[in-house]
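Can you read through this structure? Questions will come right after.
The values are calculated or read from the model by the stated rules, or taken from the named source; none is laboratory data. A quick note: this is a predicted structure, and the numbers were derived from the prediction, not measured. With ideal geometry, Cβ positions are generated from the backbone for all residues, glycine too; neighbour counts draw on all protein chains shown.
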Amino acid sequence: MLRVDKLSKNFRSFQVLKDIHINANEGQIYGLVGSNGCGKTTLLKHIIQVFRQDSGQVYFNDQVVGERSEVIKDFYYVQDDLFFPHGSTLNSLFNFEGLLYDQMSVEKFNKLTTYFKIDPNKKLANMSKGQKKQAAFVLAMSANPKVLLLDEIVDGLDAVIRRKFWNVLIKDVVGNNMTVIISSHDLKELDNICDKVGIMHEGTIIKEEEMSSLKENLKRVQFAVAEDFEGISGDEFQIVKRIQVGKVYFMTLRGNVEAFRKALEERYQVLIFDELAVNLEEIFIAELGGAGYGTEELDA
Amino acid sequence: MEQKNWMHKNTGKLVVNGLKEKRSWFLVSFVILFITVVIIPIITRSTIREGFIIAGIVEVFFLVFINCMIDFSYLHDARKLGYYASKPMTDLQRINATLVINLIYTAVLIGALYIVSLFIETNIYMSLNDVFMVAIPWLLAGILTAGITGVLTGNTIAASLGTIINFTLPLSLLAIINYFFRIVEDITVGFSSNMMFNLFVDKVYRIDILYFVKYAETGMSWSYWLVLAGILCLLYGLLLWLSKRRKHERAGELVVSDGYKHFIAIIIATLLPIAFSAILWQVGFIGKVVNFLILFALAYYLINAVLEKSFRLSALTYKLFGGFIVFFVLFLGIVNFTTSRFEGKVPEASEISSIYVGNSQWIYRQEEEGRPSESRQLYNATEDFMRSASNVNVYDDPETIDSIIQLHRQLIKDQSYYYGTTVMISYYYHNGEVLHRHYNLTETESYEGDLDHVLKEWVNTEGFKRIRMPFIYEEDYLTDKIISDLRLHFEGERYQEISQGLMDRLDVETLRRHLRRDLDFYLAECDKCLQFAIQGKDDYWLYDYDYRSYDRPATPSSVEKLYYLEITFEGEQNRKNFMSIRVTERFESTFQYLETIVQ
């Protein structure tokens, strides 16, 4: 299990990470989502030990992860802003990284380059942004890491390539019990593959939960009533968000949907009532809204 | 479990990989060296001489510098750093691999140059081995310095400048120390910054050893290897310490270490006013201090503004500025307090074995049988050395010692005179101790001090005359010498050389009598005679401004008529001495005598 415990970091007087807690199990894909500039990349760079924390620790299977620890040999980080050494090809880079990672697999490398249709002898500098992302991903997967940190990995990729990415990733997570931490803005993508989500805001994890549990706790309903809707309250539910489109209201709720429905029916004549599926985006907006993010009105 | 190894287990392969990536650099470097060290000398039909090898070494310095900057540039770019630092290799292992790659690159280039140097003839003035002996430690220390600076900075251009600053840091510190010595000289009457500086460099701060220049003179020795190992260990230890403390997140800033940033800001801000002080030499002490503080404050602000990339500086920057000012003021106060009790120190005559009075701190002793010629700095010259020196006067008779002590007391009271000059007084005690004093006399218009009064006492002692002007006042001067050559030049309306038959016509004993008469008269008057008194042995170059009755002329040649008399003596073991006397019409008796000779 990868555990981040009370990790804090100051960049001069600005506290960029505050008491971060993360728990990602083996064989789990952990989605790290958050507002812009909330510290996702900084957190990933602390986990991989590019940056050194002021306080707190990172543990992997109860062993401390440090720059000099043995366990970090099983970590692989793919950064958002990719870099490849000057003049390198995927092949030359594979050979270079083969000197650093013990589990580098040539079979997997060959299989993946074929799957993604990448020329391993082409200079990486001459590749497109999407091809570079694929190249970096191929190298990462070929290293067979136990912990894979992916920063905005599917950003800029087309839907087909994304699907390929997830196929390879899910197969490896299941097959090799790999722990994956993905930071992304594309919540719809993460929605489909994440087992667990950590929501970051202003340097803290404001919510960390299994995806299934998150979706259970947060509900989305649509309804229409005969009268003018003036609001509703109850002990067993809490309205997180409310949108009105014509006579139809869309509400995000925390708590018991049935209790909400009963309360609604007691007060109004309900014309329609449906429970909708909750996606990660809804959860994200709801949670950050609770933290005061994005709640400002344009006219305010 | 922690990795304790300083080197990655695949360092060998990583280094080979790194060297392969340097293939183009190897090729370019060899082409540059081949053209400049081999081809150009052939085309220009010049044999391959030392100059081309030295040019090659300079090129190697440049190439190694560029390569170090490129190889450590991963520390200065967030993308590169994110890639390399995320790999399972510690910072130290990565730095070590980079160092090894650059050491191999350097060794190959220097090795190639050394092989070429084996095939060339060197002249007697320079041994190429000496050049390599200095260049190799410089290159090794330079690579480590580049590594240290790379770790301290977050920008490759800043790292380039920082490497040069760090490599020359011992010299910069020396310049600052020298400036502080000059302040001590300004505060304390009688102290010599020059002497303190020379003593400091000779005994404490061995910059010649630090930069291996000494070994180019003395040759290879065990201390060479010891110093080299010490310096490399120190630099590597520093690199190790700094790399553990580096804040990678600050990559992209000019300097990532706040401590280094403040240190370098203070060093450069101190050096700039020191450089300016060269043009402020005429300004008084208070003016110098005020100028220093103003220029320091300005330079400190600007350097910090550049390093911070902001015109608003941090509170710590202001605190450090305040700290430096406090240190500077404390330094002035402490120096003033601790040295003031030495200012008035004048020994008792009974304690003194001999005294040197002069204006030279460079002491020269001629070659004698079984003893080569030698020169020393005054602070380093023993009493015996001083007594046997050729260019200085050491007085030891009680009457002269008494009069010099009176002169010294007067110099302590007042450091002004008709003209500006420097006076050194060195006391050699019976118990072996030495006391050096140094006075810079400033030119004062309408000077009315008493220095000439005490000076007259001194220059009219027999001891002074005998020691200062032995040719004229030492009775036995000529007994073990013969005059092998005599030349006389006349300068008047036209220049004239009158050497024909001079040996027959000019009687040296008569000449000495006339000179003695003239000098007795001059010394009895002692008008502005300080400069003449402190000149070297048998130096009769008497300027016109040494006479009170004359206005100071622009140049000595403004005198209408004068004779130059040049005498060459030959003593034991055919040792030759040369002396020239400038005889103006003020040397009335001698001048008349020479007129009769010429006619």
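Kindly indicate which of B:N10, B:N67 is of a type in the set (S, T, N, Q) and at pLDDT below 95.
After ruling out the rest, the residue left standing is B:N10.
So that you can scan it fast, the table gives a plain yes or no per residue for (1) at pLDDT below 85; (2) part of a loop (DSSP other than H, G, I, E, B); (3) more than 19 Å from B:G358 (Cα to Cα); (4) of a type in the set (F, W, Y):
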| site | (1), (2), (3), (4) |
| --- | --- |
| B:L488 | yes, no, yes, no |
| B:T510 | no, no, yes, no |
| B:D520 | no, no, yes, no |
| B:A533 | no, no, no, no |
| B:G536 | no, yes, no, no |
| B:R552 | yes, yes, yes, no |
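Could you say which residue among B:I57, B:I110, B:I53, B:I43 is free of Cβ contacts under 8 Å to residues at least 40 places away in the same chain and more than 14 Å from chain A (Cβ to nearest Cβ)?
Result: B:I43 is the single residue among B:I57, B:I110, B:I53, B:I43 that is free of Cβ contacts under 8 Å to residues at least 40 places away in the same chain and more than 14 Å from chain A (Cβ to nearest Cβ).
Can you pull out every residue in the range B:411-424 that is assigned to a strand (DSSP E or B) and surrounded by 22 or more Cβ atoms within 10 Å (Cβ to Cβ)?
Matches in the range B:411-424: B:Y417, B:V423.
Provide a single number: the residues in the range B:5-14 that are without any contact (Cβ under 8 Å) to a residue 24 or more places away in the chain and assigned to a helix (DSSP H, G or I).
Number of matching residues: 2.
Next question, about the same structure. Among what's in the range A:75-99 and is over 29 Å from A:E26 (Cα atoms) and part of a helix (DSSP H, G or I), pick the residue that is nearest to the other protein chains (Cβ to nearest Cβ).
Once the filter is applied, the top-ranked residue is A:S92.
Still on this structure, I have one more. Only residues that are loosely packed, with under 14 Cβ neighbours inside 10 Å, of a type in the set (G, A, S) and part of a helix (DSSP H, G or I): list them for the range B:311-362, please.
Within the range B:311-362, B:A315, B:G322, B:G323, B:G333, B:S340, B:S350 qualify.
Let me confirm something: among B:Y236, B:Y224, B:Y179, B:Y260, which residue is touching a residue at least 24 places away in the same chain (Cβ under 8 Å) and under 18 Å from the mean Cα position of the chain (by Cα)?
Testing whether each residue is touching a residue at least 24 places away in the same chain (Cβ under 8 Å) and under 18 Å from the mean Cα position of the chain (by Cα) leaves just B:Y179.
The conditions are (1) hydrophobic (A, V, I, L, M, F, W, C); (2) surrounded by fewer than 18 Cβ atoms within 10 Å (Cβ to Cβ); (3) out of contact with any Leu (no Cβ under 9 Å at 6 or more places or on another chain), and B:I176 fails exactly one of them. Which is it?
Only one criterion in (1) hydrophobic (A, V, I, L, M, F, W, C); (2) surrounded by fewer than 18 Cβ atoms within 10 Å (Cβ to Cβ); (3) out of contact with any Leu (no Cβ under 9 Å at 6 or more places or on another chain) is unmet by B:I176, namely (3).
Considering only residues that are assigned to a helix (DSSP H, G or I) and among the hydroxyl-bearing types (S, T, Y), which ones fall in the range A:100-146?
Listed by number, the residues that qualify are A:T113, A:T114, A:Y115, A:S142.
Could you pull out the residue among B:Y83, B:Y74 that is touching a Lys or Arg at 6+ places or on another chain (Cβ under 7 Å), closer than 30 Å to A:D80 by Cα, of a type in the set (F, W, Y) and within 14 Å of another protein chain (Cβ to nearest Cβ)?
After ruling out the rest, the residue left standing is B:Y74.
Does at least one position in the range B:432-443 carry a residue that is in a strand (DSSP E or B) and of a type in the set (D, E)?
yes
Further question on the same structure: Based on this model, can you work out whether B:P398 counts as closer than 18 Å to B:T461 by Cβ and either loosely packed, with under 15 Cβ neighbours inside 10 Å or modelled with pLDDT under 90 (or both)?
yes
Select from the range A:23-66 the residues that are touching a His at 6+ places or on another chain (Cβ under 7 Å) and away from chain B (no Cβ under 14 Å) and list them in ascending order.
Answer for the range A:23-66, where residues must be touching a His at 6+ places or on another chain (Cβ under 7 Å) and away from chain B (no Cβ under 14 Å): A:G34, A:S35, A:C38.
Restricting to the range A:100-115, what's the tally of residues that are within 26 Å of the chain's Cα centre (by Cα) and facing chain B (nearest Cβ under 9 Å)?
1
Next question, about the same structure. Pick from the range B:184-215 the residues that are over 20 Å from B:F331 (Cα atoms) and acidic (D, E): which of them is surrounded by the fewest Cβ atoms within 10 Å (Cβ to Cβ)?
B:D202
I've got another one for you. Which count do you get for residues in the range B:239-290 that are within 14 Å of another protein chain (Cβ to nearest Cβ), part of a helix (DSSP H, G or I) and within 18 Å of B:S73 (Cβ to Cβ)?
Final tally of qualifying residues: 5.
Please go through the range B:467-485 and give me each residue that is in a helix (DSSP H, G or I) and more than 34 Å from the chain's Cα centre (by Cα), ordered by number.
B:F471, B:I472, B:Y473
So in the range A:9-62, with the set limited to residues that are of a type in the set (S, T, Y) and in a strand (DSSP E or B), which one is nearest to the chain's Cα centre (by Cα)?
A:Y30
How many residues does the range A:90-99 contain that are buried (at least 17 other Cβ atoms within 10 Å of the Cβ) and more than 29 Å from the chain's Cα centre (by Cα)?
Here the count works out to 3.
Report, by residue number, each residue of the range B:580-594 that is farther than 13 Å from B:T510 by Cβ, surrounded by fewer than 17 Cβ atoms within 10 Å (Cβ to Cβ) and modelled with pLDDT of 85 or more.
B:E588
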